[in-house]
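See structure below.
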């Protein structure tokens, strides 16, 4: 009578393969859960007040400017656009600061404000195109960019893409301190907040030429005294 062979090896291989698949699924799932938890429970994402300063290059339409967005966890955003040639008093011009971090510091000192957390980054035509495409919409100016972010909202898949968004901003060669958590908070707050935009009133529509100590003339925009008072009073409430 012939002996019956039991294929234990094949069964063992199947069990081993099944265990490998299960471990891989658990590992990927665990990584995703940890990544989600790290972002949502980060100090940045849960902060009551986050400021964003965005340098808007003239290549994406209009005049070069700096946009300060004061976001709050209660669903409100205060936004004000500062022209590049804005005078901060005492012969100081906003656009003459050496770095974007210096621009933010100058604005804070001028207005007498501070934030729990603050970030800064720049948008030119290339960065705007790459970033908006990665976010799944088209934008060729700053207002369209904000509108696109507000409409799409923060998606579950964004947890996987936050580093990609950050890389687009950092690889462009502009100064930035924006983190993955900062980007997540930006998208979430822009898409779930009511905007209030303060309009600065300048004394002239265009910069004027100012001569100081026989040096090369400087382009300067001056704000009306009343507009400065209103801005300082309103922004302190945010």
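Tally up the residues in the stretch 218-238 that are assigned to a loop (DSSP other than H, G, I, E, B) and either at pLDDT 90 or above or under 14 Å from residue 87 (Cβ atoms) (or both), please.
Narrowing the stretch 218-238 to residues assigned to a loop (DSSP other than H, G, I, E, B): 222, 224, 237-238.
Pick out the ones that are also either at pLDDT 90 or above or under 14 Å from residue 87 (Cβ atoms) (or both) and you get 222, 224.
Total satisfying the criteria: 2.
Report yes if some residue within the stretch 57-64 is assigned to a helix (DSSP H, G or I), surrounded by 17 or more Cβ atoms within 10 Å (Cβ to Cβ) and modelled with pLDDT of 65 or more; otherwise report no.
The answer is yes; a qualifying residue exists.
For the stretch 200-218, does any single residue satisfy the condition of being touching a helix residue (DSSP H, G or I) at 6+ places or on another chain (Cβ under 7 Å) and surrounded by 16 or more Cβ atoms within 10 Å (Cβ to Cβ)? So that I can check it myself, show each step before the final result.
Keep residues of the stretch 200-218 that are touching a helix residue (DSSP H, G or I) at 6+ places or on another chain (Cβ under 7 Å), which gives 200-201.
Filter again for surrounded by 16 or more Cβ atoms within 10 Å (Cβ to Cβ), leaving 200.
Yes, the stretch 200-218 contains a residue that is touching a helix residue (DSSP H, G or I) at 6+ places or on another chain (Cβ under 7 Å) and surrounded by 16 or more Cβ atoms within 10 Å (Cβ to Cβ).
In the stretch 149-186, which residues are under 19 Å from residue 120 (Cβ atoms), in contact (Cβ under 8 Å) with a residue 40 or more places away in the chain and assigned to a helix (DSSP H, G or I)?
Residues satisfying the conditions are 149, 162, 168, 169, 180, 181, 182, 184, 185, 186.
I'm trying to understand the selection: among the residues of the stretch 145-162, which are farther than 18 Å from residue 189 by Cβ and surrounded by 14 or more Cβ atoms within 10 Å (Cβ to Cβ)? Give the derivation first.
Here is the first cut: in the stretch 145-162, the ones farther than 18 Å from residue 189 by Cβ are 157, 160.
Listed by number, the list is empty, since nothing qualifies.
Return the residues of the stretch 212-238 that are over 21 Å from residue 112 (Cβ atoms) and out of contact with any strand residue (DSSP E or B) (no Cβ under 8 Å at 6 or more places or on another chain); say none if nothing qualifies.
Those that are over 21 Å from residue 112 (Cβ atoms) and out of contact with any strand residue (DSSP E or B) (no Cβ under 8 Å at 6 or more places or on another chain): 213, 214, 215, 216.
Kindly evaluate residue 123 against the criterion of being in contact (Cβ under 8 Å) with a residue 40 or more places away in the chain, closer than 17 Å to residue 50 by Cα and either within 12 Å of the chain's Cα centre (by Cα) or crowded, with 16+ Cβ neighbours inside 10 Å (or both).
Spelling it out, it is not the case that residue 123 is in contact (Cβ under 8 Å) with a residue 40 or more places away in the chain, closer than 17 Å to residue 50 by Cα and either within 12 Å of the chain's Cα centre (by Cα) or crowded, with 16+ Cβ neighbours inside 10 Å (or both).
Going through the stretch 191-211 one residue at a time, which ones are within 19 Å of residue 67 (Cβ to Cβ) and in contact with a strand residue (DSSP E or B) (Cβ under 7 Å, 6 or more places away or on another chain)?
Within the stretch 191-211, 193, 194, 195, 196, 197, 198, 200, 201, 202, 207 qualify.
Restricting to the stretch 91-116, count the residues that are within 23 Å of residue 180 (Cβ to Cβ) and surrounded by fewer than 18 Cβ atoms within 10 Å (Cβ to Cβ).
3
So how many residues does the stretch 126-148 have that are over 15 Å from the mean Cα position of the chain (by Cα), closer than 27 Å to residue 42 by Cα and not in a loop (DSSP other than H, G, I, E, B)?
Qualifying residue count, the stretch 126-148: 1.
How many of the residues making up the stretch 95-123 are part of a loop (DSSP other than H, G, I, E, B) and either touching a strand residue (DSSP E or B) at 6+ places or on another chain (Cβ under 7 Å) or modelled with pLDDT of 95 or more (or both)?
Looking only at that region, the number is 2.
Tell me the residue from 91, 81 that is more than 17 Å from the chain's Cα centre (by Cα) and not in a helix (DSSP H, G or I), please.
Numbers: 81 fails: more than 17 Å from the chain's Cα centre (by Cα).
None of the other options fit; the residue is 91.
Would you point out the residue of the stretch 47-68, among those that are in contact with a helix residue (DSSP H, G or I) (Cβ under 8 Å, 6 or more places away or on another chain) and without any contact (Cβ under 8 Å) to a residue 40 or more places away in the chain, that is nearest to residue 230 (Cα to Cα)?
Checking each candidate, the answer is 68.
The values are calculated or read from the model by the stated rules, or taken from the named source; none is laboratory data. Quick caveat, the model's predicted, so the values are computed rather than measured. Note that each Cβ is placed from the backbone with ideal geometry, even for glycine, and that neighbours are counted across all protein chains shown.
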